[in-house]
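One structure is given below, encoded as structure tokens.
The values are calculated or read from the model by the stated rules, or taken from the named source; none is laboratory data. Model, not experiment: these values are computed from the prediction. Neighbour counts are summed over all protein chains in view; Cβ atoms, including those assigned to glycine, are modelled from backbone coordinates with ideal geometry.
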Amino acid sequence: MKNYIQKIFLTLFFCWAMLPALQLKSQDKATDKTTPVTIHRSQVFNITSKINGVTYPIFVALPGSYSTSNKTYPVVYMLDAYSSFGVMVQMARLLAFDKEIPEVIIVGISSEGGSKEFNYNRARDFTPTQIQQEKLPEEFRSTFPISGGAEKFLGFIKDELIPYVESNYRFSPGDRTLEGHSLGGLFVFYSLFKEPELFKRYIAISPALLWDNGLLLKQEEKFSKNHNSLAPIIYTAVGSLESELFKGPWKQLISNLKSREYAGMKLKPEIAEGETHYTIIPYIVTHGLKSVFSEDVK
């Protein structure tokens, strides 16, 4: 049992711990006069949540036509903006240019600090339950010093972030998307069963459904006893080369969802051939956004 728990936390930790920080300090004095690379039509501001007391840098990328039109736009809320904002924005803009998805506003929820804080914060915010320190292998107690903050984090998104965004940007009413990868994908499914009407579209890539002995499978079962419908559009994928720790619970959840026959559900699952837990990240845009917006491209 100990070895199994160790495998779980090794997988969750190394999924992100080796990702480089977005900001690099050059040691070459000749580069001191250079201009840092930025993403055009993007901006950042901080929100300190009254719900959990955490300060979140919020990255916003506006579509190309935003400043020259009065149009409204779907809003995509992405997790892990600290590591993936650039990939997400540039790919989404290319696909919108090619008319494969509509133009969207991307709102990325980031993390203060560096890689250490990033891993700490996502473990806190994306997990629905707290796992006691003494139940973790000793080597992981510093990696997951806190967990179980998903309820408060969802409250921050619902009651603080979304109202701010919708007070300051031209959005298409009711057209919100939530996307996440790994622990972020776990949070996406948690949000789906807690607040199914908060977002119109959900994208969960390689969701860490192994968390707390398959907690999310139990949450879906409980949800099914009180709900006959599930209206959001759902895209979810795992890589064929990923560990069974990810693929096993994912396959079970997909089987359960299909067996319920929820009214209105548009479930689009996919096993990404040849993809690992890292290489599948671009699927958030290239398959995820394309899939959930497939009926809305003009």
*Scan of the stretch 136-170 for residues that are more than 13 Å from D125 (Cβ to Cβ) and modelled with pLDDT under 95, ordered by number*: L136, P137, E138, E139, F140, R141, S142, T143, P145
*Just for the stretch 274-298: of the residues that are of a type in the set (D, E, K, R) and either touching a residue at least 24 places away in the same chain (Cβ under 8 Å) or not in a loop (DSSP other than H, G, I, E, B) (or both), which one is farthest from E221 (Cα to Cα)?*
K298
*Report yes if some residue within the stretch 261-273 is more than 22 Å from I105 (Cβ to Cβ), part of a strand (DSSP E or B) and of a type in the set (G, A, S); otherwise report no.*
yes
*Would you mind stating whether K225 is among the charged types (D, E, K, R) and either farther than 24 Å from A150 by Cβ or in a strand (DSSP E or B) (or both)?*
no
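For (1) on the phi > 0 side of the Ramachandran plot; (2) modelled with pLDDT of 95 or more; (3) part of a helix (DSSP H, G or I); (4) not charged (D, E, K, R), each residue gets a yes or a no:
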| residue | (1), (2), (3), (4) |
| --- | --- |
| N213 | yes, no, yes, yes |
| L216 | no, yes, yes, yes |
| E221 | no, yes, yes, no |
| E242 | no, yes, no, no |
| L245 | no, no, yes, yes |
| G248 | no, yes, yes, yes |
_If I filter the stretch 213-231 down to residues being under 19 Å from the mean Cα position of the chain (by Cα) and not aliphatic (A, V, I, L, M), which single residue comes out as nearest to M265 (Cα to Cα)?_
E220
*Can you tell me which residues in the stretch 86-118 are surrounded by 23 or more Cβ atoms within 10 Å (Cβ to Cβ) and in a helix (DSSP H, G or I)?*
M88, V89, A92
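With the requirement that a residue be assigned to a loop (DSSP other than H, G, I, E, B) and surrounded by 24 or more Cβ atoms within 10 Å (Cβ to Cβ), what does the stretch 186-209 give you?
Correct list: F199, S206, P207, A208, L209.
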*Name the one entry in G239, G264 that is touching a strand residue (DSSP E or B) at 6+ places or on another chain (Cβ under 6 Å), closer than 20 Å to R176 by Cα and among the small types (G, A, S).*
G264
*asked:* Quick test of your reading of the structure: D296 fulfils all but one of (1) charged (D, E, K, R); (2) under 24 Å from V107 (Cβ atoms); (3) modelled with pLDDT of 95 or more. Name the failing condition by number.
replied: (3)
